[in-house]
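*Asks:* The structure is given below, and queries will be raised subsequently.
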Amino acid sequence: MQVLGEGGIGYLQNILDVAVSCGFDQTNGASYALEADTGYVCAWGNNQYGQLGQGDADDSAHPTPVKVLSGWQDGDPDSTTPLEDIVAISAGCYHVLALDNEKKVWAWGKGASGQLGYGGTAPKYEPVQVEKLVDGQPSPLTNIVYIDAGFNHSTAIDEDGNFWVWGENGLGQLGLGQGDTTDRYYATPMPSD
């Protein structure tokens, strides 16, 4: 069965990539499709933590795919435009990562463990840019060529082969060293040793 297009019109076509967020059970999942010709991300399903990227947490109003939105100005839905020029997507439990054609990473959805990489833990109902700390100051994570969203953590690889991690680390899943179980709210380089 083909997936209906945005607003239930036609079908999704020219799909470059897909991702599925399973949540804790089959009723909590969301799905994502990346359109090859526009770089738009279409999303449908559960939206408990804003993982549809529509600026809200309402999933009942979105039974068919909707485009993930960006450009919010003071919460005004009329100021938004679709997130575009995306080349890869990855979905975690309740959060999503997107890589754009300028090699920057965007995230939205649940952020309770820092898995969105913007420095906080609140959910984001629209895409925010993933950041790293440079001399104690946030700056965009750039030159990324690969992304992967885990359960409540996220990873990326840059064009120099550096591995970046952020999010939940209670069991050491970020691989930052023996005994390091501190969550990271910004992208952190994994030690090269």
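The values are calculated or read from the model by the stated rules, or taken from the named source; none is laboratory data. None of these values were measured; they are calculated from a predicted model. Virtual Cβ from ideal backbone geometry, glycine too; neighbours counted across all protein chains shown.
*Asks:* Taking only pairs six or more apart or across chains, which ones have beta-carbon atoms under 9 Å, a first residue in the range 83-95 that is farther than 21 Å from Gly120 by Cα, and a second residue that is among the hydroxyl-bearing types (Ser, Thr, Tyr) and in a strand (DSSP E or B)?
*Replies:* Between residues of the range 83-95 that are farther than 21 Å from Gly120 by Cα and residues that are among the hydroxyl-bearing types (Ser, Thr, Tyr) and in a strand (DSSP E or B), the close pairs are Leu83/Ser70; Glu84/Ser70; Ala88/Tyr146; Ile89/Tyr32.
*Asks:* From the set of residues in the range 132-148 that are touching a residue at least 24 places away in the same chain (Cβ under 8 Å) and not in a strand (DSSP E or B), which is surrounded by the most Cβ atoms within 10 Å (Cβ to Cβ)? It would help to see each step written out before you state the result.
*Replies:* Here is the first cut: in the range 132-148, the ones touching a residue at least 24 places away in the same chain (Cβ under 8 Å) are 132-133, 138, 140-148.
Cutting the leftovers down to not in a strand (DSSP E or B) gives us 141-143.
Numbers: Leu141: 22, Thr142: 15, Asn143: 14.
The qualifying residue surrounded by the most Cβ atoms within 10 Å (Cβ to Cβ) is Leu141.
*Asks:* Right, next: Could you name every one of the strands (runs of 3 or more DSSP E) located completely within the range 1-45 that has at least 1 residues being of a type in the set (Ser, Thr, Tyr) and either modelled with pLDDT of 75 or more or within 19 Å of Asn152 (Cβ to Cβ) (or both)?
*Replies:* The strands (runs of 3 or more DSSP E) meeting that bar are 15-21, 30-35.
*Asks:* Also, I was wondering about something else. In the range 135-149, how many residues are at pLDDT 95 or above and more than 15 Å from Ala98 (Cβ to Cβ)?
*Replies:* Looking only at that region, the number is 4.
*Asks:* Still on this structure, please answer the following. Within the range 106-119, how many residues turn out to be farther than 16 Å from Pro140 by Cβ and part of a loop (DSSP other than H, G, I, E, B)?
*Replies:* Here is the first cut: in the range 106-119, the residues farther than 16 Å from Pro140 by Cβ are 109-115.
Checking the rest, the ones that are also part of a loop (DSSP other than H, G, I, E, B) come to 110-115.
Adding up the residues that qualify gives 6.
*Asks:* Only one residue in Thr182, Thr155, Thr121 is touching a residue at least 24 places away in the same chain (Cβ under 8 Å) and of a type in the set (Val, Ile, Thr). Which one?
*Replies:* Sole residue among the options that is touching a residue at least 24 places away in the same chain (Cβ under 8 Å) and of a type in the set (Val, Ile, Thr): Thr121.
*Asks:* Considering only residues of the range 149-193 that are of a type in the set (D, E, K, R), over 18 Å from Cys93 (Cβ atoms) and outside any strand (DSSP E or B), which is nearest to the chain's Cα centre (by Cα)? Give the derivation first.
*Replies:* Within the range 149-193, the subset of a type in the set (D, E, K, R) is 158-160, 168, 180, 183-184, 193.
Retained after the next criterion (residues that are over 18 Å from Cys93 (Cβ atoms)): 158-160, 180, 193.
Now drop any that are not outside any strand (DSSP E or B), which leaves 159-160, 180, 193.
Working: Glu159: 20, Asp160: 22, Asp180: 25, Asp193: 28 Å.
Within the range 149-193, the match that is nearest to the chain's Cα centre (by Cα) is Glu159.
*Asks:* State yes or no: is Lys103 in a loop (DSSP other than H, G, I, E, B) and modelled with pLDDT of 95 or more?
*Replies:* Yes; evaluated as a whole, the condition is true for this residue.
*Asks:* Restricting to the range 174-193, what's the tally of residues that are within 24 Å of Ala122 (Cα to Cα) and acidic (Asp, Glu)?
*Replies:* Adding up the residues that qualify gives 2.
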